[in-house]
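Down below is the structure, laid out as structure tokens.
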Amino acid sequence: MTSAVGLRLRNWLWPADPTGRSNSRVTVGLVFGVIAVAPAFLDNSFYHHIAVMVCLNIIMVSGLGLIARVDQLSLAHGAFVGIGAYASALAVMRLGAPFAVGLLLATIVPALVAAGLGRVILRLRGVYFVLVTFAFNELFRLVMLEVPSISGGTNGIGNIASASFGALQIVGKRGFYAVALIAAVLCVAFVWATLRSPTGRAFASIAENMSLAQASGLDTRRFQGLAFGLGSGMAGLSGGLMAHYIGFISPESFTFWLSVHCIIILVIGGRYSVLGPVLGSLLLTPLPEVLRGAVQLQYVIYGVLLILIMRFMPGGLADVLNWLLRRKPAPRQTP
């Protein structure tokens, strides 16, 4: 009886697949699991810092990827990261809110701002939408510089409280990595579930042919606004985590270049894959630290990577992963 139950459980978790794809998926899952757990067993705080930043980038870029699913490209992503960072920091420092409430506000406030902004700008398409979102990002930065009573101006806000959950104080980079990792996994799972729901199918219809989707009765404006709000909320969540991790924020931390950085990670990782932000973040997050002594070389490498990816792998690094999963194993030789 026990062996029969165990066999059913094994077949449910790893169903038989003559193409070998199930085994490939398990292998890929194990590889990602090892990569996720490995920093916890390292004693070097530098590796813990890189791991935390990878997780924050995954959350940030996953939100941008969700917006890209309705065929829009936002250059305001950096502004929404900043809105989330300030919402959480101000709630905790000035209102005495708990860390968890600060993170909740960091997610909700940017989502609401994006929803309001989206009602105005989502009727725009292509380059016009990109230009308006770029203007919004710059407007956010300039306005925050002019209200030092809220933002700290050019001096920013320092000594932001570290993460804590009630009496449990998150100490050190290793402890914060656990928080960031859980948040990143939940965000990736949320995107995965959303894209496989009726809402995700509506997103795909809009991206494929917006006119046809409208003609079939789909409320494209509503679904575009939903994607814009959800993606911006995830950006705000990453900003809230970043504020409490670094302990300092300033308007100059959330410039147009942060949005560009997110777009580069998304394109190199894969715009149309849930794992694209993960792959892009794993590759590009450590790059600035490796090239700290040669900042200009960093942009050269970014440019070369973008050219190579767009030329040979339009789907990003996720194309390589998909090819590995689709590849059939070699036939076994019978003795």
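The values are calculated or read from the model by the stated rules, or taken from the named source; none is laboratory data. What you see is a predicted model, and the numbers here were worked out from it, not measured in a lab. In this analysis, Cβ positions are derived from the backbone assuming ideal geometry, glycine residues included, and neighbour counts consider all displayed protein chains. Just so you know, the surface numbers come from the protein's heavy atoms only, side chains and all, with ligands and any DNA or RNA stripped out. Shrake-Rupley method; radii C 1.70, N 1.55, O 1.52, S 1.80 Å.
Structure notes:
- Share of carbon and sulfur in the accessible area of segment 54-105 stands at 69%, probe radius 1.4 Å.
- Just checking the listed ones, Leu195, Leu297, Leu131: in the Gaussian network model of the chain with Cα springs under 10 Å, the one fluctuating most is Leu297.
- Mean accessible surface per residue for segment 38-137, computed with a 1.4 Å probe while every protein chain stays in place, in Å²: 40 Å²
- Taking a sphere under 12 Å around the Cβ of Val274 and counting the other residues whose Cβ falls inside, with K and R at +1 and D and E at -1, yields a net charge of +3.
- Cα radius of gyration and Dmax for segment 230-286 (Å): 12.1, 34
- FRET efficiency for the pair Arg123 and Met313, taken as 1/(1 + (r/R0)^6) with r the Cβ-Cβ distance and R0 = 25 Å, rounds to 0.15.
- Of the DSSP H helices in the chain, those that are both long (alpha-carbon extent of 30 Å or more along the helix axis) and hydrophobic (Kyte-Doolittle mean at least -1.0) are 45-68, 99-121, 172-195, 220-246.
- When you filter the trypsin sites (Lys or Arg not before Pro) in segment 96-181 for DSSP loop state and at most 14 other Cβ atoms inside 10 Å of their Cβ, you are left with Arg123, Arg125.
- Of the residues Asp219, Asp43, ranked by 1.4 Å probe accessible area with the largest first, the sequence reads Asp43, Asp219.
- The calculated FRET efficiency for Leu95 paired with Glu208, based on their beta-carbon distance and R0 = 45 Å, is about 0.50.
- Averaged over its residues, segment 273-319 has an accessible area of 54 Å² per residue, based on protein heavy atoms and a 1.4 Å probe.
- The local environment of Ala180, defined by Cβ-Cβ distances under 14 Å, has a net charge of +2 under the rule Lys, Arg +1 and Asp, Glu -1.
- Within the chain: Cβ-based charge dipole about Cα centre, in debye rounded to nearest 20 (Lys, Arg +1; Asp, Glu -1): 1020 debye
- Top of Gly217, Gly315, Gly152 by mean-square fluctuation, Gaussian network on the chain, Cα under 10 Å: Gly217
- Spin-label model, Arg222/Leu186: points 7 Å from Cα along the beta carbon direction are separated by 2.8 nm.
- Residue list for segment 176-209, given a label point 7 angstrom along the Cα-to-Cβ vector of Ala215 and an amide N cut-off under 20 Å: 202-209
- The chain, relative contact order in percent, only Cα pairs under 8 angstrom and at least six apart counted: 30 percent
- Value of [θ]222 nm, deg cm²/dmol, for the chain, DSSP H segments ≥ 4, -39500 (n - 2.57) each, nearest 500: -23500 deg cm²/dmol
- Using a Gaussian network model of the chain in which every pair of alpha carbons under 10 angstrom is joined by a spring, one finds that among Ala85, Ala202, Ala189 the greatest mean-square fluctuation is at Ala189.
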